[in-house]
1. Would you check which residues across region 1-17 are touching a residue at least 40 places away in the same chain (Cβ under 8 Å) and open to solvent by less than 90 Å² (accessible area, probe 1.4 Å) and list them?
2. Of everything in region 33-51, what is exposed (fewer than 15 other Cβ atoms within 10 Å of the Cβ) and over 15 Å from the mean Cα position of the chain (by Cα)? Give them in sequence order.
Amino acid sequence: MTGDANAEQDKARRFRDAALPYLDDVFALARYLMRNTADAEDAAQECYLRALRHFDSYHGPAMKPWLLAILRNVCNAEFTRRGKQDMSTDYAKDEPAAEEVPMWQEPQASPETVLLRSQDGVTIRRLIAELPPPFREAIVLREVNELSYQEIAEVAGVPVGTVMSRLARARSMLRSAWNVTERSPIPNPGTSP
C-alpha cells in the first residue's frame, strides 16, 4: 500500500511541475471560450482534473497544447450540455487591474496615457470576446497563448490551413471592428446621452 501512495505522490509532483506553469494560459483561454469568469474557473479546474487523471498516458513534449486541447474539450462538452445557449459575457465588470511596471523598466506615463492604454486593452478584450467562437479561439491560442500554427491545429483538431484562414479572418474582423470603434465619438462621462 505504501508503494501505491508513493507512486501517486510522485505522479502528483510530476504533474504539478509539468502542468502548473500553464495555469494562467489555460485560464486565459477558458475565459475567452466560456465568456464568464466563474465558468472559466470551473472549466480550468475540470481541465486540470482530467489532465491529472490521464497524465500517465501523456507522452508528448509539449504540455501546453495538450492542456489547451483538454480545456477545449471541456468547454465544448459544457456548451453541448447547456444546449449551445449563448453565454453571457462579464468582461466589462470583471476587468483585471492595470499591471504595475517597476519604475526602472519604463518612464512614468502620464495619467492620460495610462487611461488610453487601459481603455484600449478593455476595447481589444471586448472585440475579441465578440468574435465568433472558431475565430475567437484561434486568435486567443495564437496571440494570447502564443502557440504555433501547428500547435493550434492540434488543439483545435483542424488542418494548419484552416488555422491560417481563421487567423486571417479573425484579424480582419478585429481590424474592422477596431476601426469602427475608433471612429465612434468617445462619450463624455460628465454628460448624459
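1. LYS11, ALA12, PHE15, listed by residue number.
2. Matches in region 33-51: LEU49 only.
The values are calculated or read from the model by the stated rules, or taken from the named source; none is laboratory data. For clarity, every value in this text was computed on a predicted model and none was experimentally measured. All Cβ positions, even for glycine, are placed from backbone atoms using ideal geometry, and neighbour counts span all protein chains on display. Calculation scope for accessible area: heavy atoms of the full protein, side chains included, ligands and nucleic acids excluded. Shrake-Rupley method; radii C 1.70, N 1.55, O 1.52, S 1.80 Å.
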